[in-house]
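**Q** If you scroll down you'll find the structure; I have some questions about it.
Throughout, read-outs are computed from the coordinates displayed, never taken from laboratory work. Source: prediction; values computed, not measured. Cβ: placed from backbone, ideal geometry, glycine included. Neighbour counts: every protein chain shown.
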Amino acid sequence: MESALDYHTAEALLTWQVELGAAEAMLDAPLNRYESPKEAPKPKKAAAQPVAAPAAAPEVDAAAEAKKAASGARDLDGLQAALAGFELCELKRGARKLVFADGNPAARVMIFGEAPGREEDREGKPFMGRTGQLLDRMFAAIDMGRDVPLSKDAIYITNVLPWRPPQNRDPKPAEIAMMRPFLERHIEIVAPEMIVVMGNMACEAVLGQRGVTRLRGTWAEAFGKPVLPMLHPNDLLRQPRFKRDAWADLLSLKARLEASA
Ligand code: URA
């Protein structure tokens, strides 16, 4: 084959290609990879078959399903099992454990926090870690606690939501509403004398109102029971100046318990 290149130019070009890593000849003749490809034969189309439209999935009313599941629970074990089997709340998929409750179910006071965090998700119990230690110290200051055997001084602790929201994001109002039938049934089964709601989310779920800094310390009523809104221990860790308000609320709780003993 005649070449338009002289020997030295051809050698320089080859050396340059070797330096670029093209050290081996793949074909006898050059291949122009920029040429438009010859069209490959198209596969024959199968004769079109009439396709039935997929049946629309029936809409599920998650709150109604939650109500059905919760109302079937006869006792705390039944309620815990109903929650464990409830698949319609997205939060369940991101959580490690179901966080049901802790403390004495015969307690006179039932406490609602918001939702489990990282430690609670790992341990499967509400109010662990720093937040839980503060909550325990707060109630110990009025001679009450979750491990106290005497029901008159015991507390029973749970959360509005039993699963940790991913990255501790704020739960959606729809998630709170969906899980409310479980909360309601939980109160019916435990039948506490009084309820304490800690933080905005618990105020919203139990009292239907937000604004805990305004609501705190003022007794309200829900489910036929006296309810005391309080600041959440996390709020107190962030802003210790609110501890004075929390102390006043704890004294109010103690006084009410003594008055009705
Ligand atoms: N905050 C809550 O509201 N509940 C917990 O269980 C832990 C932190």
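**Q** Which net charge results for the neighbourhood of residue 223, defined as the other residues with beta-carbon distances under 10 angstrom from its beta-carbon, given Lys and Arg at +1 and Asp and Glu at -1?
**A** Neighbourhood net charge equals -2.
**Q** List the trypsin sites (Lys or Arg not before Pro) within region 132-199 that fall in a DSSP loop (any state other than H, G, I, E or B) and whose Cβ has at most 11 other Cβ atoms within 10 Å.
**A** Here the trypsin sites (Lys or Arg not before Pro) that fit, given the DSSP loop and packing criteria, are 169.
**Q** Calculate the FRET efficiency for residue 210 and residue 55 from the Cβ-Cβ distance with a Förster distance of 51 Å, rounded to the nearest 0.05.
**A** Computed FRET efficiency for residue 210 and residue 55: 0.80.
**Q** Now a separate question. How much length is gained if the chain between residue 88 and residue 142 is pulled fully straight, taking 0.36 nm per residue apart and subtracting their Cα-Cα distance, in nm to one decimal?
**A** 15.5 nm
**Q** Quick one: divide the alpha-carbon radius of gyration of region 60-165 by 2.2 N^0.38 Å and tell me what you get.
**A** Its radius of gyration relative to the 2.2 N^0.38 Å reference: 1.13.
**Q** Residues in region 211-241 near a label at residue 258, defined as backbone nitrogen under 15 Å from the 7 Å Cα→Cβ point?
**A** none
**Q** Then there's this: Hey, rough spin-label estimate for residue 248 and residue 5, points 7 angstrom out along Cα→Cβ, what's it come to in nanometres?
**A** It is 9.2 nm.
**Q** Among 203, 222, 252, flag the residue with its Cα farthest along the positive direction of the charge dipole of region 198-255, charges on Cβ as +1 for Lys/Arg and -1 for Asp/Glu.
**A** Projecting each Cα onto the dipole axis, the largest value belongs to 252.
**Q** Name the long-range amide H neighbours of residue 111: under 5 Å, sequence gap of 5 or more, or other chain; modelled H, no Pro or chain starts.
**A** Under 5 Å from the amide H of residue 111: 156, 157, 158, 196.
**Q** Rounded to whole Hz and in sequence order, give me ³J(HN,Hα) for region 219-227 from the Karplus expression 6.51 cos²θ - 1.76 cosθ + 1.60, θ = phi - 60°, writing x for Gly and Pro.
**A** Values per residue, Gly and Pro as x: 5, 10, 9, 7, 6, x, 10, x, 10 Hz.
**Q** Which ³J(HN,Hα) values in Hz, rounded to whole numbers, follow from the phi angles of region 164-173 under the Karplus curve 6.51 cos²θ - 1.76 cosθ + 1.60, where θ = phi - 60° and Gly and Pro get x?
**A** In residue order, the calculated couplings are 6, x, x, 6, 6, 5, 5, x, 7, x Hz.
**Q** Here's a follow-up. Suppose every K and R has +1 on its Cβ and every D and E has -1 on its Cβ; what is the size of the dipole of region 62-260 about the Cα centre, in Debye to the nearest 20?
**A** 440
**Q** Here is a follow-up. Report Rg(Cα)/(2.2 N^0.38 Å) for region 62-260, keeping two decimals.
**A** 0.95
**Q** Right, next: Each residue of region 117-129 in order: what ³J(HN,Hα) in whole Hz does its phi give by Karplus 6.51 cos²θ - 1.76 cosθ + 1.60, θ = phi - 60°, with x for Gly and Pro?
**A** Ordered by residue, 3J(HN,Hα) equals x, 4, 5, 5, 5, 6, 8, x, 10, x, 6, 9, x Hz.
**Q** Once the piece of chain linking residue 169 and residue 81 is laid out straight, how much longer is it, given 0.36 nm per residue of separation minus the C-alpha distance between them?
**A** Extra length from residue 169 to residue 81 when fully extended: 29.1 nm.
**Q** According to the Kirkwood expression over distinct Cα-Cα pairs, how big is the hydrodynamic radius of region 180-241, in Å?
**A** Computed over Cα pairs of region 180-241, the Kirkwood hydrodynamic radius comes out at 12.0 Å.
**Q** Given R₀ = 22 Å, what would the calculated FRET efficiency be for residue 151 paired with residue 97, taking r from the Cβ atoms and rounding to 0.05?
**A** The formula returns an efficiency of 0.25 here.
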